[in-house]
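Remarks on the structure that follows.
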Ligand code: NDP
């Protein structure tokens with residue numbers, strides 16, 4: 001039986017990956033941070049909290065000695081590093097913390113691997129945000145990077161240090177450049193889930209209007225449960241490598257807004273432009289979405305679309321869930337939660 005460490009078990013991907021690995025018979029050490037109130041709602045929703053093979057351990061990625069002890073005490077042979085300050089918007093307000101966690105944090109794990117057991121396989125959660133001001137369409141493993149946020153810059157350091165440890169020390173360090181992936185377990189600070197949760201509240205009469213920033217941003221959105229399968233395949237490959245996981249379809253935030261309202265039975269029409277743009281419920285005439293300039297970022301990423309051809313050819317990985325299905329799944333989950341009077 002294999003043993004894996006999943007850092008960031010309280011996050012979206014950590015929960016889905018733990019579910020996948022437990023299903024494959026792994027013993028999983030899922031790490032969470034010491035906080036005043038730990039939140040295990042995602043693993044609870046997936047029904048794996050309390051699973052006999054899931055061990056929850058306190059750990060902070062910024063601590064080298066804790067990283068060494070984590071590897072020593074668990075005897076894990078695979079480490080999936082999903083922990084990060086992962087929100088682009090926050091990275092503009094907390095650039096140093098973001099650099100320490102998201103950039104230097106993975107180096108602690110790589111150093112720990114070098115010290116404790118260089119045979120441990122390491123997965124780094126890289127991101128399409130590293131492409132930022134895109135240099136080619138679609139983006140592949142060889143597209144030059146141009147990050148546009150402190151988050152993207154920090155992730156780029158982590159990405160290259162993983163490649164460097166692979167080349168310098170022969171460590172099995174692989175990097176998955178994952179494009180946006182969403183699910184009903186996505187945090188509410190992220191735009192898709194903010195939209196589906198707000199749409200559910202508006203449909204149920206609990207909210208009047210959704211406020212957003214840049215509606216023109218184009219993203220390549222996939223389903224998180226399928227992407228964690230890709231992470232696992234990346235670590236089962238013969239050689240450590242870098243892979244893009246994406247859907248190769250891009251849509252605007254505006255499209256996602258319309259899709260989410262439609263999934264809740266509301267047809268909207270967009271009126272006005274720029275900061276005066278609104279979405280109006282065609283049945284009631286009410287404004288259900290408006291722009292709030294406070295949500296604009298100092299530097300934007302306009303267009304992301306990834307080409308996952310390498311992952312398909314070498315790992316047999318490809319996404320199957322359409323954006324419409326994904327959006328419907330998220331709206332339905334948020335309708336259920338909000339009807340029941342709660343929302344994570
Ligand atoms: P989440 O924000 O949902 O989860 C991040 C996790 O990291 C949380 O469990 C968080 O714990 C943990 N964490 C934060 N800081 C530390 C720290 N100092 N020490 C230990 N753990 C910490 O992200 P996702 O699950 O969506 O994403 C997983 C990874 O994939 C992240 O690295 C993200 O940047 C990357 N990624 C995600 C994409 C996406 O579209 N979802 C796209 C590309 C890359 P806590 O609950 O305590 O905050």
Checklist entry - Per residue, what volume in Å³ does the convex hull of the Cα atoms of the stretch 225-344 enclose? => result 158
Checklist outcome for this item: If 181, 320 are placed from fewest to most neighbouring beta carbons inside 10 Å, the sequence is 320, 181
Checklist outcome for this item: Inter-part gap, Cα centre of the stretch 315-344 to Cα centre of the stretch 1-42, in whole angstrom, is 20
Checklist outcome for this item: Burial-style ranking of 30-38, 306-314, average other-beta-carbon count within 10 Å with highest first, yields 306-314, 30-38
Checklist entry - Of 218, 201, 24, how do they rank once you tally other Cβ atoms within 10 Å and put the fewest first? => result 24, 218, 201
Next on the checklist: If you scale each eigenvalue of the Cα gyration tensor by 5 and take the root, what three semi-axes come out for the stretch 145-301, rounded to whole angstrom and sorted largest first?
Outcome noted: 37, 17, 11
Checklist entry - Roughly how compact is the stretch 1-112, stated as its Cα Rg over 2.2 N^0.38 Å to two decimals? => result 1.04
Checklist entry - To the nearest Å, what is the center-to-center distance of the stretch 61-128 and the stretch 205-227, using C-alpha atoms only? => result 28
Checklist entry - So what is the relative contact order for the chain, in percent, with contacts set as C-alpha pairs under 8 Å and at least six apart? => result 17
Checklist entry - Can you give the helix-only mean residue ellipticity at 222 nm for the chain, where every DSSP H stretch with n ≥ 4 adds -39500 (n - 2.57) and the sum goes over all residues, rounded to the nearest 500 deg cm²/dmol? => result -11500 deg cm²/dmol
Checklist entry - Out of 261, 172, 87, any idea which swings most in a Gaussian network model of the chain, alpha carbons joined below 10 Å? => result 87
Next on the checklist: Give me Rg/Rg_expected for the stretch 90-233, where Rg uses Cα atoms only and Rg_expected = 2.2 N^0.38 Å with N residues.
Outcome noted: 1.21
Next on the checklist: How would 86, 175 line up from fewest to most surrounding beta-carbon atoms within 10 angstrom?
Outcome noted: 86, 175
Checklist entry - Over the Cα atoms of the chain, what Rg and Dmax result, in angstrom? => result 20.0, 64
Item to check | Mean separation of Cα contacts under 8 Å (6+ apart) over length of the stretch 13-123, as relative contact order % | outcome: 27
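Bear in mind these aren't lab numbers, they're just calculated from the coordinates by the rules spelled out. All figures in this text were calculated on a predicted structure; none of them were measured in a lab. Every residue, glycine as well, gets a Cβ built from its backbone with ideal geometry; the counts of neighbours run over all protein chains shown.
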